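Quick notes on the structure that follows.
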Amino acid sequence: MTDTATETTSGAAPGQRGPDRGDSVLPELRATWWETGVRARAEAGVFTVFAELPRLVAQAVTTSWRADRVRTCVVAGATIGAGAMAAFGLLATQRVLMELFAGGPTADKMVAALPALAALAGATALRAGMGIATGYALNGLTPRVSRVVERRLFEMTTEVRLGAFDADAFADDMERATRGTDSAISLVPASTNLLASLVGLVAVGIAVVVIHPLLLVALLVATLPNAWASLRAGHLRHQTYTAGSVRRRRLWLLQRLMAERTSAPELRSYGLRRFLLNQYDRVMDVETDIELDLARRVTTTTTVGSMIGGVATGAVYVLLGLLLIDGQIPLAAAATCVVAVQAAQRALATLTFQIDRVYTEGQHFGDYTGFMTRAAAYLPEPAAARGSGSGGASGPAAPSPLHELTVRDVSLNYPDRDTPAIDGVTLTIRAGQTVAFVGENGSGKSTLAAMIATLRTPTAGTICWNGRSLAHWEIDELRSRIAVITQEYHKWPFTAATNIALGDVDSEARQDRIEAAAGRAVAHDMIQDLPYGYETLLDRTFANGQDLSGGQWQRITAARGFLRDAELLIMDEPSSALDPRAEDALFQAIRDRQGQATTILITHRLANVRHADRIFVLHHGRLVEAGSHDELIAAGGRYAELFALQAAGYDVAPSTSVPPPQQR
């Protein structure tokens, strides 16, 4: 990197000079899940926070009740009981002090104080026991809440239609809802601690009123300034945290770029070390200045609160002295009030902290509940509602073996596009045929295949299996007859054997079936060469895990599709990363299915589709040509043009005479 590269800023290439030092080359980032709660807290006033608390606590109680009713009752009962014991303990303390400050011999005073001492000891022991019971119940409640909330989320995300993931709003909602599951776990103990602090504070107030009503005013004067300072300081932290969200995400991105394995080769080959460190320094300079300013403001706020609280506490002690001198309260009551003030200050400090926590976590949990409500709109239509397709009410029937697949005037529009991805396509595929979908990038091949595989729902038109709409067959039974090898395959972090066995999870994962599928996908020898063969873990994240190349992963994916031995096999770019020998063997396995099972093949390598029974050519979502290889070549249309371009790349003439491309 050159020195000028270190000056790179927003919109500038690494070798260009940009604006001032505070800018960054990283693009603007949209809001993410974790900002919602803190932003709501930062923008909310104190009265808004207090107004929302009852609803948030009610949500926590409801969630806890669904997870485990017994433990919820234990937590609630023990929390209230601990507060009652706190009040009783203060009253017992006052009684002990009254007996000790009374006139007479010390021995007599100790004897007189024994019943109150016993009551105080009992109240303290009971309160401790209730604290233990609360902790034990919460320890068992938290994992149950986590399981209930997370499972509900995963039940929803695995059931919604695939089209839901195309909507930006759904993706954003789901991202925030994922954080909401963690907040549900935090919200329950936070609400419990909030209620415990509140009950304890109320108990102290009741005890003080019993001793002398005027002391309640003194208690409020001594505790409220610190409470205000704590809430104010929390407000400042949340404001600063929210304002710095983009900077923190920039730092997170830079940390990933500088420390991850995937970026390490290019970082070194292009000499990006100084450039990225410079970007890090720019963001951190701003972040450090803001953190120092926050520290100053928070320190000022807490100092003012502490000073006012100290003055107020001194005023309380002066008031107690005046009441003592005036004879309005006994010395024991004054001493008890001092104990009560200290207990109230501790309870209030906990209360203010838990208020902030409950409000913030509650906002995140609200994202979760909101997502669950909105995601229901993306759920597939219930089987009973779809009916049998012939007026029956018994629900969809199990599909019969495939004889004919018909696509009738089908269209599909993605939510973020003005033009349809598929526009009025009609075609027919008969059992045992091998057909190919070809066309340039973005022509709609994969989208059409996804609709045939029931992964997407057409916005118009109908796809029929043996003359009946796909929607009128039992969806799970239908999908069990279809195998899909996707272009964007997922690298499952399991063993090689399990990766293949995922292709048919409802059948026994016998080793001979797995190896046979791997053999058809030209993957068997490759897997045997791995350190642990079929038991090799295919993820470097775990111990003894292994990396595979793109071509090796493509063989694993093809084996997964072959394992099901489905009536309809859809292969979307199954050989884009394969070497020529492996590609030839794979397509031989595909040709072996011809006449026995139905195959839909999507590929840009047109030499591999010459043997297909029918070739369907798509362009901008429309079906523009259909026929056999020889028919399409003779027609001299788009397919012939594309085939000629590829054939020319090998510097040999195609085996079939290709007319010159027609002008368009």
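Just a few scattered comments:
- Only protein atoms count toward the accessible area here, which uses a 1.4 Å probe; on segment 296-353, the carbon and sulfur part of that area reaches 71 percent.
- Distance between the pseudo-spin-label points of residue 268 and residue 596 (7 Å out from Cα toward the beta carbon): 4.8 nm.
- Across segment 47-378, C-alpha contacts under 8 Å between residues 6 or more apart give a mean separation that, scaled by the residue count, equals a relative contact order of 32 percent.
- Relative contact order of segment 404-649: 27 percent, from C-alpha pairs under 8 Å at least 6 residues apart in sequence.
- Working note: Karplus 6.51/-1.76/1.60 with θ = phi - 60° gives segment 320-325 the couplings 4, x, 4, 5, 5, 5 Hz, where Gly and Pro are set to x.
- Across segment 294-307, coupling constants 3J(HN,Hα) worked out from phi with the 6.51/-1.76/1.60 Karplus curve, θ = phi - 60°, read 4, 4, 5, 5, 5, 4, 4, 5, 5, 5, 4, x, 5, 5 Hz, and Gly and Pro carry x.
- Carbon + sulfur, % of accessible area of segment 437-588 - ligands and nucleic acids excluded, 1.4 Å: 46
- Rounded to 0.05, the FRET efficiency of the residue 624 and residue 403 pair, given R0 = 45 Å and the Cβ-Cβ distance, is 0.95.
- Each residue of segment 137-154 is assigned a 3J(HN,Hα), and the resulting list reads 5, 5, 4, x, 6, 4, x, 5, 4, 4, 5, 4, 5, 5, 5, 4, 5, 5 Hz, derived from the Karplus form 6.51 cos²θ - 1.76 cosθ + 1.60 (θ = phi - 60°), x at Gly and Pro.
- Whole-number accessible area per residue in Å² for segment 407-558, which is evaluated in the context of all protein chains at 1.4 Å: 47
- Distance between modelled label sites at residue 162 and residue 51, nm, 7 Å Cα→Cβ extension: 4.6
- Taking amide H as placed 1.01 Å from N in the peptide plane, residue 484 has its amide H under 5 Å from the amide H of 570, each at least 5 places away in sequence or on another chain.
- Under a 5 Å amide H cut-off, with hydrogens placed 1.01 Å from N, residue 536 pairs with 496, 497 among residues at least 5 apart or on other chains.
- Virtual spin-label span in nm between residue 506 and residue 474, 7 Å along Cα→Cβ: 0.8
- Each of the peptides 485-493, 60-68 was scored by the mean count of other Cβ atoms within 10 Å over its residues; in descending order, highest first, they stand as 60-68, 485-493.
- At a probe radius of 1.4 angstrom, the accessible area of segment 47-378 per residue rounds to 50 square angstrom.
- For residue 404, nonlocal amide neighbours, meaning residues 5 or more places apart or on other chains whose placed amide H falls under 5 Å from its own, are 431, 466.
The values are calculated or read from the model by the stated rules, or taken from the named source; none is laboratory data. Only a predicted model underlies this, so the values are computations on that prediction, with no experimental measurement involved. With ideal geometry, Cβ positions are generated from the backbone for all residues, glycine too; neighbour counts draw on all protein chains shown. These area figures cover heavy atoms from the full protein model, side chains too; ligands, DNA and RNA do not enter into them. Shrake-Rupley method; radii C 1.70, N 1.55, O 1.52, S 1.80 Å.
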